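Notes for the one structure printed next.
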Amino acid sequence: MFGSLRSKFQTVQEGISASIRGLSTPEHPKSKKSTNVRNVNYDAGADVLHHFQLQWNELHELAEENAGKAQEADVLISSIYEKLQHEWNNVTCLNNTLAYIPKINNAIQDLMDQIGNLQEMFEEVEGALYRLEDLNEMLDLQSRQLDHRFQLALYKEKKLIELNNFKTKLANEHTERLSQHELNQQKKLKERRETFEEAFKEDLEEYKTTGSIPKLPVSAKGPSLDEIVLDIDSKIFDEFLDN
């Protein structure tokens, strides 16, 4: 639009300049002579040209100013349009959001119901967990009891084995001591028998020689002659007496 105005002003300027040039250079025919030279203003064309040039410059400056203001107005209108478009989009978004409010309320109510159901389920699960903990403690206690019983049974079995081994050992030692004691007793009896046999033979020889048996001094600690039992065959003594 401003480009067309500028071209029109240039066309008008060119036409005015051409007319002024025509006025400033009048023809002077040779046949005619000016009779009134004093009444002619030779600077009139320059004044008119200067006047129109000033007008044109003013129009040109006004056109440039209007173009700048038009650009500013265009930028302002564009910014206002963008703001209005943004606001319109916000309003549209708000309307759409407001339209979803009932659905959101229904969804919130459904979520609240689900939360209530979940809370009940959590309470049931919590109770089940408590019961499970009690059951685990009971099973752990029973397991420890079984372990203790098993350890006690192993300990009893071990002690019984040790006791049987100790009894066997004691029995073997007792048997060995009895055998040793019997051997010692038999050895002592054998020694005493040999001693008494020698003494009897000496007494018998003394009796054959002297006809009397010497009396031995009785020891307070030792047994008397009547208490001595000789483990000899009486037939030998009878045969001796018969001779």
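Data for the structure
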{"item": "Single condition Ala67 does not satisfy, out of (1) in contact (Cβ under 8 Å) with a residue 24 or more places away in the chain; (2) loosely packed, with under 10 Cβ neighbours inside 10 Å", "result": "(2)"}
{"item": "Residue in region 2-21 that is at pLDDT below 70, surrounded by fewer than 11 Cβ atoms within 10 Å (Cβ to Cβ) and either of a type in the set (D, E, K, R) or within 60 Å of the chain's Cα centre (by Cα) (or both) present", "result": "yes"}
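The values are calculated or read from the model by the stated rules, or taken from the named source; none is laboratory data. A quick note: this is a predicted structure, and the numbers were derived from the prediction, not measured. Note: ideal-geometry Cβ built from the backbone for every residue, glycine included; neighbour counts use all protein chains shown.
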